[in-house]
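Asker: Here you go, one structure.
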Amino acid sequence: MVYHSLSGGQSAGCGAGSGCDAVMGSPWAWMLRGVPVSLPAALVYVLLIVCLLFLGGDSAEARSLDRLLRRLLPLLAGCIVGAALWFSYLQIIVLHAFCPYCTALHLLGCVVASIILIDSFRQPSLWFAAGLLAAALFAFVQAKTLPDAVYDSGRTDAALPAFAEGDLPVVGDNSHSGLDPESLTLLFDFQCIHCRRLHRILPDLLERAGGRYRIQLCPVPLSSACNPYIPASGIDRFAGSCPLTRLALAVWYARPDAFAAYWDYLLGDGDEHATISPADAENRARALLGDGFEAALADPRIDATLRRAEELFGRTSTSEKSGVPRLIAGQRWLVPETTDADELLELIRTEL
């Protein structure tokens, strides 16, 4: 985890949009504005291993060392349990996502801490309490030193596919501004929690930009069932994205006047944790399109747009960097992780 945080890579099973990606790609994966939280955790576990290796000597010096180590072990156990409580709280209450590596580490750490406490139950519990206090201090420091915004950015030399006028919806009415707005393309998935967070702040972003940007909304499914750039795995967390994206484009082409409300519905209407099933989405699309539903879903423009969207996703992705939502301007791209419109606007200005 330390290696992947410092290298900017992804761990196995931590693909774009996964719970692991949501946790390890969030600001809460860092402290002191740039130190991965896995680093102090690694130091605690290394110290724990050293303590266990030097326990149990027969000499007088070893027995003296034993007494010191048996005080240090409950302290480390308190640190481990306190950290497990803090990061479980963040995953459950704040992020609403789970990292399997982090969760497994905390569970195993609590098992080790329980064994230590059972072994040292006759020792004063003040050392364990001191460890809990150290973990609380860590949580306080982390909360006070979060980075302003986490993001990923890059550039590609590949030729990128373009969309014709009308292929995709555009947000940002610049007709009154007198400016020549810069065109951005937003790649997103209807089932991606990061995308829903960004969708929620788009109106504020455009207002603060003052007509400087127009944004093409380009849905791209993160499912290997229809996106050839997503590797197949045992669990497809975005399997519903394929039908949702087709339904969204069908409504856009058949009823442009109704697309905004329908796409908002697919993106949770402001609720990033909403669950919209393909069956519910189809029922609402049928209600909107009536007898024209089947014809709208068979519109050949849907397949053509999907192919270009997937190609755009593939050509701006690498094996280590393939997250969404992704803003693309020319040959540059930006994957932001922020819920603040001002921070996002500053990232766009500096990174794109």
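The values are calculated or read from the model by the stated rules, or taken from the named source; none is laboratory data. Source: prediction; values computed, not measured. So basically every Cβ, Gly included, is an ideal-geometry build from the backbone, and we count neighbours across all protein chains shown.
Asker: Among the numbered criteria (1) modelled with pLDDT under 95; (2) crowded, with 21+ Cβ neighbours inside 10 Å, which one does Asp271 miss?
Answerer: (2)
Asker: Taking the condition of being touching a Phe, Trp or Tyr at 6+ places or on another chain (Cβ under 9 Å) and of a type in the set (Asp, Glu), how many residues in the range 281-304 meet it?
Answerer: So the answer is 2.
Asker: Within the range 232-256, take every residue that is surrounded by fewer than 20 Cβ atoms within 10 Å (Cβ to Cβ) and part of a loop (DSSP other than H, G, I, E, B) and give me the one that is modelled with the lowest pLDDT.
Answerer: Ranking the candidates gives Gly234 first.
Asker: Sort out which residues of the range 311-340 are part of a helix (DSSP H, G or I) and surrounded by 20 or more Cβ atoms within 10 Å (Cβ to Cβ), and write them in order of number.
Answerer: Of everything in the range 311-340, those that are part of a helix (DSSP H, G or I) and surrounded by 20 or more Cβ atoms within 10 Å (Cβ to Cβ) turn out to be Leu312, Phe313.
Asker: Does Phe259 satisfy being within 30 Å of Asp21 (Cα to Cα), in contact (Cβ under 8 Å) with a residue 60 or more places away in the chain and assigned to a helix (DSSP H, G or I)?
Answerer: For Phe259, the condition - within 30 Å of Asp21 (Cα to Cα), in contact (Cβ under 8 Å) with a residue 60 or more places away in the chain and assigned to a helix (DSSP H, G or I) - is met.
Asker: From Arg237, Arg212, Arg208, grab the single residue that is under 21 Å from the mean Cα position of the chain (by Cα) and either farther than 22 Å from Asp299 by Cα or among the small types (Gly, Ala, Ser) (or both).
Answerer: After applying the criteria, what remains is Arg237.
Asker: Which residue pairs have Cβ atoms closer than 6 Å, lie 6 or more positions apart in sequence or on different chains, and pair a first residue in the range 317-343 that is closer than 19 Å to His4 by Cα with a second residue that is acidic (Asp, Glu) and surrounded by fewer than 18 Cβ atoms within 10 Å (Cβ to Cβ)?
Answerer: Going by the 6 Å Cβ cut-off, the qualifying pairs are Lys321/Asp152; Val335/Asp152.
Asker: Given the criterion at pLDDT 95 or above, small (Gly, Ala, Ser) and either closer than 23 Å to Trp333 by Cβ or surrounded by fewer than 20 Cβ atoms within 10 Å (Cβ to Cβ) (or both), identify the matching residue among Ala287, Ala296, Ala209.
Answerer: Ala287
Asker: Considering every residue within the range 124-139, establish whether at least one is assigned to a loop (DSSP other than H, G, I, E, B) and either modelled with pLDDT under 85 or of a type in the set (Phe, Trp, Tyr) (or both).
Answerer: Our first condition is that a residue be assigned to a loop (DSSP other than H, G, I, E, B); within the range 124-139, this holds for 124-125.
Filter again for either modelled with pLDDT under 85 or of a type in the set (Phe, Trp, Tyr) (or both), leaving 124-125.
The answer is yes, given that some residue of the range 124-139 is assigned to a loop (DSSP other than H, G, I, E, B) and either modelled with pLDDT under 85 or of a type in the set (Phe, Trp, Tyr) (or both).
Asker: Keeping to the range 103-119, report how many residues are at pLDDT below 90 and in contact with a helix residue (DSSP H, G or I) (Cβ under 7 Å, 6 or more places away or on another chain). Outline the logic, then answer.
Answerer: Of the residues in the range 103-119, the ones at pLDDT below 90 are 116-119.
Pick out the ones that are also in contact with a helix residue (DSSP H, G or I) (Cβ under 7 Å, 6 or more places away or on another chain) and you get 116-117.
So the answer is 2.
Asker: Quick one: is Leu68 outside the structural domain of Ile193 (by TED's automatic domain parsing) and touching a residue at least 40 places away in the same chain (Cβ under 8 Å)? Steps first, answer last, please.
Answerer: Working: outside the structural domain of Ile193 (by TED's automatic domain parsing): yes; touching a residue at least 40 places away in the same chain (Cβ under 8 Å): no.
Answer is no for this residue.
Asker: Do you know which of the residues in the range 190-206 that are at pLDDT below 95 and part of a loop (DSSP other than H, G, I, E, B) is surrounded by the fewest Cβ atoms within 10 Å (Cβ to Cβ)?
Answerer: Gln191
Asker: Out of the range 265-298, which residues are free of Cβ contacts under 8 Å to residues at least 24 places away in the same chain and either under 21 Å from Phe188 (Cβ atoms) or in a loop (DSSP other than H, G, I, E, B) (or both)?
Answerer: Within the range 265-298, Tyr265, Asp269, Thr275, Asp280, Arg284, Ala298 qualify.
Asker: Another one. Does at least one position in the range 79-96 carry a residue that is over 21 Å from Leu47 (Cα atoms), in the same structural domain as Leu53 (by TED's automatic domain parsing), modelled with pLDDT under 95 and not in a helix (DSSP H, G or I)?
Answerer: Scanning the range 79-96 turns up at least one residue that is over 21 Å from Leu47 (Cα atoms), in the same structural domain as Leu53 (by TED's automatic domain parsing), modelled with pLDDT under 95 and not in a helix (DSSP H, G or I).
Asker: Of everything in the range 123-174, what is basic (Lys, Arg) and under 22 Å from Pro40 (Cβ atoms)? Give them in sequence order. Show your work before the answer.
Answerer: In the first step, residues of the range 123-174 are kept if they are basic (Lys, Arg); the result is 144, 155.
Once the filter is applied, which keeps residues that are basic (Lys, Arg) and under 22 Å from Pro40 (Cβ atoms), the range 123-174 yields only Lys144.
Asker: Another question about this same structure. Kindly evaluate Phe313 against the criterion of being more than 30 Å from Gly154 (Cα to Cα) and in contact with a Phe, Trp or Tyr (Cβ under 7 Å, 6 or more places away or on another chain). Before the answer, list the steps.
Answerer: Working: more than 30 Å from Gly154 (Cα to Cα): no; in contact with a Phe, Trp or Tyr (Cβ under 7 Å, 6 or more places away or on another chain): yes.
It is false that Phe313 is more than 30 Å from Gly154 (Cα to Cα) and in contact with a Phe, Trp or Tyr (Cβ under 7 Å, 6 or more places away or on another chain).
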